[in-house]
1. Can you tell me the mean projection area, over all orientations, of the convex hull of region 207-290's alpha carbons? Units nm², please.
2. Quick one: dipole size for region 1-122, taken about the Cα centre, charges +1 on Lys/Arg Cβ and -1 on Asp/Glu Cβ, in debye to the nearest 20.
3. Taking square-rooted eigenvalues a ≥ b ≥ c of the alpha carbon gyration tensor, is region 31-145 rounded, prolate or oblate, where a/c under 1.5 means rounded and, failing that, a/b exceeding b/c means prolate?
4. Could you tell me the convex hull volume per residue, in Å³, taken over the Cα atoms of region 184-224?
5. Distance cut-off 25 Å, Cα to Cα: go down the list LYS90/LYS278; LYS245/LYS278; LYS29/LYS90 and report the pairs above it.
6. Compute, for the chain, the length of the dipole vector about the Cα centre, with Cβ point charges of +1 (Lys, Arg) and -1 (Asp, Glu) only. Units Debye, rounded to 20.
7. Working from the alpha-carbon coordinates of region 20-75, get Rg over Rh, Rh being the Kirkwood radius.
8. Scan the chain and report its longest stretch carrying no GluC sites (Glu not before Pro) that are both in a DSSP loop and have at most 11 other Cβ atoms within 10 Å.
Amino acid sequence: METAILIDGNSLLYSHFYATTSPAYRKSKDASSLLTDPFGRPINGVFGMTRFLNNLFASYQPEYVLVAWDVKRSTLKRSEVFEDYKATRKKTDTNIVEQIEIMKDLLTKWNVNQLTVEGHEADDIIGTYARKLETETDANIKIISRDKDLIQLITERVSVWQNLPNLEKTYKQAGLTIGEQQVPRGYFEHNSETWKHFYPGLTDPKQIIDLKALEGDRSDNIPGVRGVGEATALNLVSEFTSYEKLMEFAQEKSKKKFDDYCKEKELFNRSPYNALHKYRKDGEMSYRLATIQTELEKLKNKNASTISFDPNNEKKLEVFEELKFNL
């Protein structure tokens, strides 16, 4: 069976950048401590990501590859839905911004497919191509990103590889030990079986969206329904199966009937009934913000074959020599 690898470029580069910086750098932002190329440019993240990809392609021999990149937050369609979407995030380190452009140039010369889509995040590009690959090929599709939102895309053929802290704890929670999965070193695979261990009671990965509608997402500044926490959100989605069905039930019932039903099921300690009504619009907006697009209009005329992997290894070696990468 064929293999397709879809990569969140920003996530992977950031991971390798911060994995090779010291606490002193993170405090001072003094670039003198970073690995540099012969031109004096910082390339610690580029080197780490390049080494990872070189080993990845050699080990898995994928037939399809795509590196998806984010665009500026201010240009996102989601920012039109909610002006403060991701507004709490710190400004990207200038040393990372410079390395993104170096990495893109390297991938172009290597002939590794990469893509940005105006107005959309890397997640949406990945979601769209994951569905194209499922429809048009028989490939097993591996998504590489630390973003847990991508778990909503999981199917029998789509899985998410994540490089996580506390890796042993993650494997243990899934009932596994490190080494049991066929993944890159340091990674864990969320697939159609393992994801359930982290969201007990849920039956469909798409219910991640319903969770976000209720509990929000601090990292993306998605508000959710104020006052509904992680545990309550999980219980409510497990019971009602979706945010929409929960809201229908809350609108049909009086507060007493709603609370009596939920208390009997032990779904919460404090009633969310008033919050569900008061912050309904926030919940609906949060649902939209958390939903990864799988049919981007700007990619409708593209098919899976557009990301067939045909690397230029001769050019790759030239770039490695130019940057003094001993890989």
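Every number here is computed from the coordinates shown, using simple stated rules; none is lab data. Keep in mind that what you see is a predicted model, and the values were worked out from it rather than measured. As a convention, Cβ positions derive from the backbone with ideal geometry for all residues, glycine included, and neighbour counts pool all protein chains shown.
1. On the way: hull surface 18.5 nm².
Its average projected convex-hull area is 4.6 nm².
2. Numbers: 15 positive and 15 negative charges, 97 e Å.
The dipole magnitude comes to about 460 debye.
3. On the way: a/c = 2.43, a/b = 1.06, b/c = 2.29.
The shape class here is oblate.
4. Measuring per residue, one finds 97 Å³ for the Cα hull of region 184-224.
5. On the way: LYS90/LYS278 30 Å; LYS245/LYS278 17 Å; LYS29/LYS90 14 Å.
Checking Cα-Cα distances, LYS90/LYS278 exceed 25 Å.
6. On the way: 47 positive and 50 negative charges, 220 e Å.
Dipole size: approximately 1060 debye.
7. Working: Rg = 15.3 Å, Rh = 14.0 Å.
Value, to two decimals: 1.09.
8. Working: sites that count: GLU83, GLU118, GLU156, GLU180, GLU266, GLU295.
For GluC sites (Glu not before Pro) (loop position, at most 11 other Cβ atoms within 10 Å), the longest site-free span of the chain is 181-265.
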